[in-house]
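The values are calculated or read from the model by the stated rules, or taken from the named source; none is laboratory data. Note that the structure is a prediction, hence the values are computed from the model and not measured. Cβ coordinates were reconstructed from backbone atoms using ideal geometry, including for glycine residues, and neighbour counts include every protein chain displayed.
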Amino acid sequence: MDLDDLEHNVLDGVQIASLGGALLAVMAGFGGMRDYSGELAFAPWLPAGLTRLAFPVVVRGRRLQIEVTPQDACYSLRDGTLQISHWGRAPLTDGIRHRGLFARGGVTSRRSR
């Protein structure tokens, strides 16, 4: 994905596949999001220098908002119920909001796990 208009073609539009790849890298990489046969799991981590990560996910018609900071992860469900896991634990099965600390004491990089 071009971060600057190097080819002077910004007016030609957006590279949707590149944007999708960047979104996947954020959600699956930093968010640690995985789908295990229909069960959504998260193992979030933030690299040094990144202070917050937030993104929405629509799963089976339910909107889940994920927010990760160096101290904790927050999962907010708009309505209904949804089973997810956080670092192997199931923090959210229904309701609106749940805050959970990282399983390994504030994981900030892959090397510190």
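Tabulated data
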item: Qualifying residue in the range 81-98 (condition: aliphatic (A, V, I, L, M) and at pLDDT 80 or above); result: yes
item: Residue list for the range 54-63, restricted to those being assigned to a strand (DSSP E or B) and within 14 Å of ASP35 (Cα to Cα); result: VAL57, VAL58, VAL59
item: Verdict on GLN65 being without any contact (Cβ under 8 Å) to a residue 60 or more places away in the chain and surrounded by 14 or more Cβ atoms within 10 Å (Cβ to Cβ); result: yes
item: The range 22-77: number of residues that are over 19 Å from ARG89 (Cα atoms) and of a type in the set (Ser, Thr, Tyr); result: 1
item: Selection within the range 3-53 - in a strand (DSSP E or B) and free of Cβ contacts under 8 Å to residues at least 24 places away in the same chain; result: ARG34, ASP35, TYR36
item: Which listed residue is touching a helix residue (DSSP H, G or I) at 6+ places or on another chain (Cβ under 9 Å) and surrounded by 13 or more Cβ atoms within 10 Å (Cβ to Cβ), from LEU53, LEU82; result: LEU53
